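Since the structure comes first, as structure tokens, the remarks are kept for the end.
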Amino acid sequence: QETLALLADRLVDVELLVAAAMGGLQVSRRVVTAAEVCRFPEVDLIGGSGASTELYVDPTLFTRVLAALWDAALHAPSPHSRRIEVVVNEPWAEIRIVREGGPIATETLRAMFEPFESDQLHSGVSTGLYLARALTVAHGGTLGIDQDDQRAVLWVKVPQRPDGAPRGA
């Protein structure tokens, strides 16, 4: 049953990749809280602006983006810890997956953005961060990774408000 669930998830990934490539990706944005899209079993606390921070995203698609970043933070060498932080810098909201531990190898980082990366966490292949980037762009945002010798920050920025303007503008 677990294998069938993984296969079904990979099929959805491929369908989303095709839709994005053909310009037919449907993004249904609405206001949600960070807590609604950062629901992962290992997440107890959302730092920074916190779990109540409002985002203007498609909750289903944006949860896929964050799940891809969350999983990518597990690449070798194994991290000491992972956490989620939300930073608001109007008109943007940035969700960060902070990975404490040694840096991810440059070759691995490059491969993570390829469309069919070898998946270290499950058997087979995944869409890596290629699909996450396509879904982020469909939201009008951007995605990236910054790292040094002690931590990596995998981040995604999206407009916080429907019109992209700061509050009060």
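The table below gives the values:
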read-out	value
1.4 Å probe accessible area per residue over the chain, in Å²	53
Among beta bridges that DSSP assigns inside the chain, antiparallel share in %, nearest 5	90
Positive-end extreme of charge dipole, the chain - chosen from L16, V37, N89 (charges on Cβ)	N89
Difference of contour (0.36 nm per residue) and Cα-Cα distance, A51 to H80	8.2 nm
Scaled radius of gyration (Cα, divided by 2.2 N^0.38 Å) that the chain gives	1.01
Portion, in percent, of the accessible area of segment 1-137 that falls on carbon or sulfur, probe 1.4 Å	55
Most positive-pole-ward Cα, T53, T136, W155, against dipole of the chain from beta carbon charges	T53
Rounded if a/c under 1.5, otherwise prolate or oblate - segment 1-90, Cα gyration tensor axes	oblate
Nearest-0.05 FRET efficiency for F113 and E42, computed from C-beta distance (R0 25 Å)	0.60
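The values are calculated or read from the model by the stated rules, or taken from the named source; none is laboratory data. The structure presented is a predicted model; accordingly, all values stated were derived computationally and were not measured. For neighbour counting, all protein chains shown are included, and Cβ atoms are generated from backbone atoms with ideal geometry for every residue, glycine included. For accessibility, only protein heavy atoms count, side chains too; no ligands or nucleic acids. Shrake-Rupley method; radii C 1.70, N 1.55, O 1.52, S 1.80 Å.
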